[in-house]
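Step one of this worksheet: look at the structure below.
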Amino acid sequence: MPKTIIKLGIPSGSLEKATIELFKKAGFNITGAERTYLPGIDDEQMKVIMLRAQEMSRYVEDGVLDAGITGYDWILENGSDVVEVCELAYSRVTDKPARWVLAVPNESKIKKPEDLRGKLIATELVNVTKRYFCDKGIDVKVEFSWGSTEVKARLVDAIVELTETGSSLAANNLRVIDTVATSTTRFIANKKAWQDKTKRQKIENISILLNAAIDARTKVGLKLNAKKENLKSILKLLPAEKSPTISSLAEADYVAVEVIIDDEVERELVPALKRAGASGIITYPINKVIH
């Protein structure tokens with residue numbers, strides 16, 4: 001039986017579902033996460049622990065975990081000294097960076113950060129917010145918010161809250177006056193674990209597979225058959241930066257063409273290929289793209 005090589009932290013909460021789905025596409029099946037903070041995984045070299053993203057970087061820095069997934073915002077907030085293995089461009093809603101924004105009610109007279117001098121700010125991201133105002137030379141009081149921060153916008157002078165689309169802020173009649181920090185998801189490692197050859201290789205393997213799964217999310221595979229006389233016009237329709245695989249078929253006048261394309265061009269490309277003489281056109285989802 002292979003022994004456990006690494007202890008891996010998976011974020012519970014808002015990123016949990018997206019992370020488990022990403023690991024599945026990468027080839028790792030995590031089971032039982034809805035029932036326990038120690039779910040199973042079909043890799044005997046890994047032990048998975050579910051933790052809040054807010055505390056992940058501290059446990060990785062301390063060596064309780066060898067590696068983990070968390071937001072860059074919480075690495076900054078905790079001041080954690082860890083290895084940032086890679087950025088993982090995924091989230092619960094979009095693939096764009098999340099923003100911690102300084103917001104006030106629409107009816108507030110506050111227009112800019114300087115208007116908050118001497119006033120009270122509520123946020124979960126206390127340390128980053130304090131540094132933001134300190135860097136601007138603005139003296140404010142920052143207090144920790146135990147969630148539901150948007151509700152407190154009318155109890156304090158302003159809030160610093162995380163947003164991906166801005167829809168929740170708008171629904172609560174709040175107005176953004178500045179961005180305090182931006183954040184993406186990061187795969188991080190403990191420094192000592194990173195120096196261990198065996199652990200580092202395992203962490204790097206996970207990193208490669210996770211990024212391959214992310215890259216594949218916006219791609220589809222495309223196969224088609226074409227008469228050799230139509231091949232030139234068909235190849236002109238395919239994205240210029242792609243290099244298709246062309247194979248001979250048993251019928252000498254035909255070839256098979258296979259290529260990976262962006263899924264957003266599929267609906268326009270497939271009919272055009274049909275008109276250009278392609279036949280037997282098949283598109284299919286892919287799990288990983290490794291460059």
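Bear in mind these aren't lab numbers, they're just calculated from the coordinates by the rules spelled out. Being a predicted model, the structure only gives us computed values, none of them experimental. With ideal geometry, Cβ positions are generated from the backbone for all residues, glycine too; neighbour counts draw on all protein chains shown.
Points to keep in mind about this one:
- Candidate lysines - alpha carbon under 16 Å from Lys228, same-chain residues fewer than 8 apart omitted: Lys236, Lys274
- Ordering of 47-59, 107-119 by packing [mean C-beta count within 10 Å, highest first]: 47-59, 107-119
- Helix axis angle, 263-275 relative to the chain longest principal axis, alpha carbon, degrees: 20 degrees
- Set of aspartates and glutamates with alpha-carbon distance to Lys227 below 13 Å, sequence-local pairs under 8 removed: Glu251, Asp253
- Sequence-separation-based contact order of the stretch 26-102, relative, with Cα cut under 8 Å and 6+ spacing, percent: 17 percent
- Using a cut-off of 22 Å between Cα atoms, the listed pairs Lys111/Lys136; Lys136/Lys191; Lys96/Lys136; Lys25/Lys96; Lys197/Lys219; Lys96/Lys152 include Lys136/Lys191; Lys96/Lys136; Lys197/Lys219; Lys96/Lys152 as exceeding that distance.
- Selection of GluC sites (Glu not before Pro), the stretch 229-291, meeting DSSP coil and at most 11 other Cβ within 10 Å: Glu241, Glu251
- The value of relative contact order for the stretch 219-285, using C-alpha pairs under 8 Å at least six residues apart, is 53 percent.
- Label-to-label distance, nm, for residues given as Ser12 and Lys96 (7 Å Cα→Cβ offset): 3.1 nm
- Percent RCO, i.e. relative contact order, over the chain, from Cα pairs under 8 Å lying at least 6 residues apart: 20 percent
- Overall form of the stretch 98-182 per C-alpha gyration tensor (a/c, 1.5; a/b vs b/c): rounded
- Rounded to 10°, Cα long-axis angle of helix 16-26 versus longest principal axis of the chain: 30 degrees
- 13 Å Cα-Cα reach of Lys202 towards aspartates and glutamates, excluding residues that sit fewer than 8 places from it in its own chain: Asp43, Glu44, Asp66
- Peptide packing: for 61-71, 217-227, the average count of neighbouring Cβ atoms within 10 Å per residue gives the ranking 61-71, 217-227, highest mean first.
- Overall form of the chain per C-alpha gyration tensor (a/c, 1.5; a/b vs b/c): oblate
- Relative to the longest principal axis of the Cα atoms of the chain, the long axis of helix 126-135 makes an angle of roughly 80 degrees.
- Using a simple spin-label model with pseudo-atoms 7 Å out from Cα toward Cβ, Ile138 and Tyr37 lie 3.6 nm apart.
- Helix-only arithmetic for the chain: the sum of -39500 (n - 2.57) across DSSP H runs with n ≥ 4, divided by the residue total, places the mean residue ellipticity at 222 nm at -9000 deg cm²/dmol.
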